[in-house]
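What follows is one structure encoded as structure tokens, with my remarks underneath.
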Amino acid sequence: MTLEQQGDTRLVAHPLAQQALTELRDVETDPVAFRRALTRLGRVCGYALAAAYFETEPVEVETPLATTTGERLTGDVVFVGVLRAAVPFVEGLVDTVPHARQGVLSASRDEAAGMDENGRFPISVNYVNLPEIRSADTVVVADPMLATGSTIVAALGAVLDGATPARTVVLSAVSAPEGIGHVADRYPEVELVTVGIDDHLDENGYIVPGLGDAGDRAFGTAE
Ligand code: URA
């Protein structure tokens, strides 16, 4: 399973990823189905990330009939979920790499302040709980929506504060061109992986066509 390069991002073009994204976009998808689709999408993305970035080493394995050589993932993987929409997404990622270390952080937009003239929001990072990030790590920072990029830039600031992992990947389900540009400018060394690149942001910083507020849809808090 490969990732297709599209400008500054790499696209998870797998049909199952695209199908899950279509379910997420559908306004008729209820919170239970939304969470399930987001978890499934995390799983497919985990497979794509493993194929593109993770190394394996040969290992001997004893079958009931003989000894043969198999493969095992090497290297250290850290998944960081941006609360709260990333919770089901990371659940799917962890299904694919159960030995990954995990971190969470909460970064939220100040919606009341609104978007500034550069298309950015003020962000509060209220809670950060990360494992030690080591030089051999591949760190995947997951947030389903890469909109203005303000949240993920704030999240990367917390994750990379004093840490230099081997690789950092930002994984999203849907990205807006504005957010891709923002992250690529601020963190050119960070790899961007996404499932859909949408058209634009509306005046409230929502991705169009997008899927609405991912947190509200996953947790059933939409009005
Ligand atoms: N956050 C969301 O959940 N949806 C958007 O479209 C933008 C930010």
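The values are calculated or read from the model by the stated rules, or taken from the named source; none is laboratory data. These numbers were taken from a predicted model, which means no experiment stands behind them. Cβ sites come from the backbone with ideal geometry, for glycine too, and all protein chains shown count toward neighbours.
When the residues of region 78-99 are narrowed to those that are crowded, with 22+ Cβ neighbours inside 10 Å, away from the ligand (no atom under 15 Å from the Cβ) and aliphatic (A, V, I, L, M), which ends up farthest from residue 31 (Cα to Cα)?
Among them, the one singled out is 78.
Pairs needed: first member in region 140-164, under 19 Å from residue 213 (Cα atoms) and acidic (Asp, Glu); second member anywhere, within 14 Å of the ligand (Cβ to nearest atom) and modelled with pLDDT of 95 or more; C-beta distance under 6 Å; at least 6 residues apart or different chains.
Qualifying pairs under 6 Å: 143/82; 143/86; 143/152; 143/172.
Listed here are the residues, each with its yes/no results for (1) farther than 22 Å from residue 136 by Cβ; (2) of a type in the set (D, E, K, R); (3) away from the ligand (no atom under 12 Å from the Cβ); (4) out of contact with any Asp or Glu (no Cβ under 7 Å at 6 or more places or on another chain).
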{"position": "156", "(1), (2), (3), (4)": "no, no, yes, yes"}
{"position": "163", "(1), (2), (3), (4)": "no, no, yes, yes"}
{"position": "172", "(1), (2), (3), (4)": "yes, no, no, no"}
{"position": "179", "(1), (2), (3), (4)": "yes, no, no, yes"}
{"position": "188", "(1), (2), (3), (4)": "no, no, yes, yes"}
{"position": "198", "(1), (2), (3), (4)": "yes, yes, no, yes"}
{"position": "212", "(1), (2), (3), (4)": "yes, no, no, yes"}
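Go through region 43-77 and count every residue that is more than 14 Å from residue 100 (Cα to Cα) and surrounded by 19 or more Cβ atoms within 10 Å (Cβ to Cβ).
Residues that pass the stated criteria total 3.
Restricting to region 86-124, count the residues that are touching a Ser or Thr at 6+ places or on another chain (Cβ under 7 Å) and free of Cβ contacts under 8 Å to residues at least 40 places away in the same chain.
So the count comes out to 3.
Filtering region 125-154 down to residues that are of a type in the set (S, T, N, Q) and within 15 Å of the ligand (Cβ to nearest atom), which residue is surrounded by the most Cβ atoms within 10 Å (Cβ to Cβ)?
The selected residue is 148.
Every residue in region 111-124 that is surrounded by 15 or more Cβ atoms within 10 Å (Cβ to Cβ) and hydrophobic (A, V, I, L, M, F, W, C), please.
The answer is 115, 121, 123.
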